[in-house]
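S.K.: Sharing a structure here in structure tokens format.
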Ligand code: IMP
């Protein structure tokens, strides 16, 4: 079997996603216990215990989610429709523990100014970062305020330099990969997440850019997070993995003797409430209990991956650079059987 480096994986003839690859340990590990693996990461000038951010979707990140993720050393990005936003803007208690807020292209400048004065990271939440309006908005904010700005999304690195020149500090990578995303079906746009992350990673490297990389969409389990980070992402962004928890906005619904919560795309009918172009699904997912359980499972899985890969730190994990491409039957063999 061929062991692929990141460079070789980037040259692979087909677009690849998380289930197509696996990490290949090739050393005797010095790590005696999982707890020795250090998952800390720096992202946009902040120290995170775990390189996890939450998607600014209205069924994922409300005030509760943002605050609990902050306590757990992750970064929650409040969705721009959240009812707590008014209180945050008035600088009340609500602002504590919320470090990042999403805005739209048409969000008025006084709101941006207020968020900047509170020291918030600003996420310009659009489906396509490669748009003059997005670049102009980013440039305008960066020229006026001393803030960190996240833009998104992109599927390859061809415009990365333009985004950095517009002042973007981080970019969300992923088009068509989100679990409630219908973009690829509606438009034919989008490539596998592994190929997207690699293309952007190498564009950054080749051009010597500083913009930080967020692997966004299609992440289903802790293993996918280990893969995304080993490929070169600085942090991951999660929608479905955090949805359905107690802290996610929305009611718990009992149906057919099972508890559920709603999860929907930002461009779904339920969010837009009108029949304009829809690019997202709405679904119910089984209730998961408190988000701390999800975060602990991610932390355990990532530490274990680092232990297999003989990596005390995430930097070391990135340096290992050995991957396999799985045949479909190899992938199926990896799944637990009933
Ligand atoms: P998930 O973690 O696989 O569920 O993906 C979450 C990501 O899907 C988000 O962070 C967005 O980048 C993307 N996304 C959210 N809503 C939509 C939508 O309505 N259409 C397309 N993509 C979406």
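S.K.: Restricting the search to the range 307-329, which residues are loosely packed, with under 13 Cβ neighbours inside 10 Å and assigned to a helix (DSSP H, G or I)?
M.R.: 315, 319, 328, 329
S.K.: Run down 251, 206 and say which single residue is touching a strand residue (DSSP E or B) at 6+ places or on another chain (Cβ under 8 Å), free of Cβ contacts under 8 Å to residues at least 40 places away in the same chain and more than 16 Å from the ligand (Cβ to nearest atom).
M.R.: 251
S.K.: Here is a follow-up. Under 7 Å by Cβ, and 6 or more places apart or on different chains, what pairs join a residue from the range 97-114 that is on the phi > 0 side of the Ramachandran plot with one that is modelled with pLDDT of 95 or more and surrounded by 16 or more Cβ atoms within 10 Å (Cβ to Cβ)?
M.R.: What qualifies is 97/66; 97/67; 97/70.
S.K.: Which condition breaks for residue 68 when tested against (1) more than 18 Å from the chain's Cα centre (by Cα); (2) more than 16 Å from the ligand (Cβ to nearest atom)?
M.R.: Among (1) more than 18 Å from the chain's Cα centre (by Cα); (2) more than 16 Å from the ligand (Cβ to nearest atom), the lone unmet condition for residue 68 is (1).
S.K.: What number of residues within the range 45-66 satisfy the criterion of being closer than 30 Å to residue 210 by Cβ and touching a helix residue (DSSP H, G or I) at 6+ places or on another chain (Cβ under 9 Å)?
M.R.: Count: 9.
S.K.: Residues that are within 15 Å of the chain's Cα centre (by Cα) and at pLDDT 95 or above: find the strands (runs of 3 or more DSSP E) completely inside the range 195-306 holding 3 or more of those.
M.R.: It comes to 212-216, 235-238.
S.K.: Failed condition for residue 191, given (1) within 16 Å of the ligand (Cβ to nearest atom); (2) in contact (Cβ under 8 Å) with a residue 40 or more places away in the chain; (3) in contact with a strand residue (DSSP E or B) (Cβ under 9 Å, 6 or more places away or on another chain), with all others met?
M.R.: With respect to (1) within 16 Å of the ligand (Cβ to nearest atom); (2) in contact (Cβ under 8 Å) with a residue 40 or more places away in the chain; (3) in contact with a strand residue (DSSP E or B) (Cβ under 9 Å, 6 or more places away or on another chain), residue 191 is out only on (3).
S.K.: A follow-up question, please. In the range 75-100, how many are within 15 Å of the ligand (Cβ to nearest atom) and closer than 16 Å to residue 148 by Cβ?
M.R.: Qualifying residue count for the region: 5.
S.K.: Within the range 169-188, work out how many residues are more than 9 Å from the ligand (Cβ to nearest atom), out of contact with any helix residue (DSSP H, G or I) (no Cβ under 8 Å at 6 or more places or on another chain), under 21 Å from residue 54 (Cα atoms) and outside any loop (DSSP other than H, G, I, E, B).
M.R.: The qualifying residues number 1.
The values are calculated or read from the model by the stated rules, or taken from the named source; none is laboratory data. Please read these numbers as outputs of a predicted model, since none were measured by experiment. Here Cβ is always computed from backbone atoms with ideal geometry, including for glycine, and neighbour counts include all displayed protein chains.
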